[in-house]
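The values are calculated or read from the model by the stated rules, or taken from the named source; none is laboratory data. Keep in mind that what you see is a predicted model, and the values were worked out from it rather than measured. Don't worry about glycine lacking a Cβ; one is built from the backbone with ideal geometry, like all the others, and counts go over all protein chains shown. Quick note on the areas: whole protein, heavy atoms, side chains included, nothing else; ligands and nucleic acids left out. Shrake-Rupley method; radii C 1.70, N 1.55, O 1.52, S 1.80 Å.
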Amino acid sequence: MKRKMRIIGWLSMVLLVCVLVGQGIWLYKVHELEMKRFEQEVSSLLRVSFDEYMNNTFMVSENRFSYAINEDQKTFIYGGGDTVKEMVLFSIEQYHEMGKAVFYDYLFDKQRFNVLGFDSLYRHNLKNAGIDKSPVIIVRDSVGQILMSSAIMDNLAGEIRTLPIDVGYTYRHRIEAVFDLPFIFHAMILHLLWEFVFLIAFSGCLMWLWRSIRLTWQSVAVQTMGIAHLEHELKKPLAAMISALGKIANRENRELTQVQERKLQLMEARLKKIAEITDTMLTTFKGSCLEIDRVPVDIAREMTEIEEMFRILRPHVSLEFEVETGIREPLLDKVYFSYLIINLVDNAIKYGGDEPWVKVSFYKEEGEWVLTVADHGIGMPAKVLKHIFRQFYRVKDKRVAGKTGFGLGLAFVRKVVEAYKGEIRVESMPGKGSKFEIRIKTE
């Protein structure tokens, strides 16, 4: 079921991406085609409008300019006033184009090229063609510098430029029109941006949903395994302890032998372990908020009892328990603080390598109670340290693959520290061991 849900999730994601990418590509192509069509139409009208403007201006009487071709059909004669020039044309077809070119030179020399008049004529032709846009006419020299313009271009949000018209014979100027980007093109770009935002948002929601489903599956799996684990930890040890207690209670000699005392010690340690496991699993399953009842605790005695329990359960481990001299009964609690120590020591032993060494210290520093648990075990890389306090998280390392556990112990430790309104820190390095430090305010 889990595998099918993962496949369906990824398939949904891929299909959505394909749809959005396909739509984006289609919009982009439409955008490019519309831009090209618009550019071609306004460029064509710019050429027509320029020819019309030049013809209209040529007819004005104040422009004393004329041009003609000689009888040899090659010599082109032009000029204004007393100035007359000649040139040789290669073909008669150049006559009209050359006439407009030299006439433009004349207008520019006399400062009679009215860019605003040309702009007005161009707008009129655009309106007749059904294009309700306001262009800016620009005249540039041969190196691209702006010589004249019909308006200021700073107000344009986007640009569509017409193909330039080459004008003049001597000056080699270029005339072009610049349009503000039509709203439809703005809308297309905005639509593409919204599609991208939607894709990111949908991906985030899908990932959040998948994580929620995975956590739910993990929770169900852990609860199922936890019940089996509780059964394993409770039924068999209880049966063994009941049997052993029955034999001790029914013995003829009332004095305890050394073996019997050893059995009682083991049963005591095992019962504490059962209580620890039961408390951890049930509290984690319920997800309850812990309430700490701070009372004076004989910390030295608590440390001694924990040390004795581990020496019975883990006789091969090198343990060091240290309580600062002068500390008697700090205000802690009689249930959860002991669990902090037990869990951290148990983890230190579990991941302590072939010859585990664990040192536990308790001392007071600047108005805080400080508990440290250090080991020389396998350690952890820095990238996993921020994850180890999450429920169900376990370090992905082949060296810990065979270790039992559900990734709940440190999550519960953090819950206890938070109930104290304290702080937990960890320092670790692969191959060098780990050190957990818990700081709790004294009041």
Item to complete: At 7 Å along the Cα-to-beta-carbon direction for both Cys205 and His316, put a label point, then send me their distance in nm to one decimal.
Response: 5.5
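If packing is taken as the average number of other Cβ atoms within 10 Å across a peptide's residues, how do 135-143, 65-73 rank, most packed first?
135-143, 65-73
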Worksheet item: Taking the Cβ of Leu89 as the center, what net charge do the other residues with Cβ under 11 Å away carry, scoring Lys and Arg +1 and Asp and Glu -1?
Response: -3
Worksheet item: Between Ala151 and Asp293, what is the FRET efficiency for a Förster distance of 60 Å, r being their Cβ-Cβ separation, to the nearest 0.05?
Response: 0.15
Practice prompt. Amide H neighbours of Gly353 under 5 Å, at least 5 residues apart or on other chains, H built in the peptide plane: list them.
Written response: Ile378
Worksheet item: Could you give the length gained on full extension between Thr304 and Val19, defined as 0.36 nm per residue of separation minus the Cα-Cα distance, in nm?
Response: 96.0 nm
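Tell me the net charge near Met35. Cut-off is 14 Å between Cβ atoms, Met35 excluded, with +1 for each Lys or Arg and -1 for each Asp or Glu.
Values: positive: Lys29, Lys36, Arg37, Lys133, Arg161; negative: Glu32, Glu34, Glu39, Glu41, Glu159, Asp180.
In short, -1.
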Worksheet item: What is the gain in length, in nm to one decimal, between Glu41 and Ser212 on full extension, counting 0.36 nm per residue of separation less the C-alpha to C-alpha distance?
Response: 56.0 nm
Item to complete: Return the carbon/sulfur percentage of the accessible area of region 103-169, one whole number, probe 1.4 Å, all protein chains in place.
Response: 45
Worksheet entry | Residue list for region 332-364, given a label point 7 angstrom along the Cα-to-Cβ vector of Glu437 and an amide N cut-off under 16 Å | 359-364
Worksheet item: How far apart, in nm, are the 7 Å Cα→Cβ label points at Lys383 and Arg425?
Response: 2.5
Discussion item. Can you compute 3J(HN,Hα) from phi for each residue in region 39-49, using the Karplus curve 6.51 cos²θ - 1.76 cosθ + 1.60 with θ = phi - 60°, rounded to whole Hz and x for Gly and Pro?
Written reply: 4, 5, 5, 6, 5, 5, 5, 5, 5, 4, 5
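At 1.4 Å probe radius, can you tell me the per residue accessible area of region 37-140 in Å²? Each step should come with its number before you reach the end.
Numbers: 6080 Å² over 104 residues.
Dividing the accessible area of region 37-140 by its residue count gives 58 Å².
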Discussion item. Testing the spin-label approximation: label points 7 Å from Cα along Cα→Cβ at Asn56 and Glu97. State their distance in nm.
Written reply: 2.5
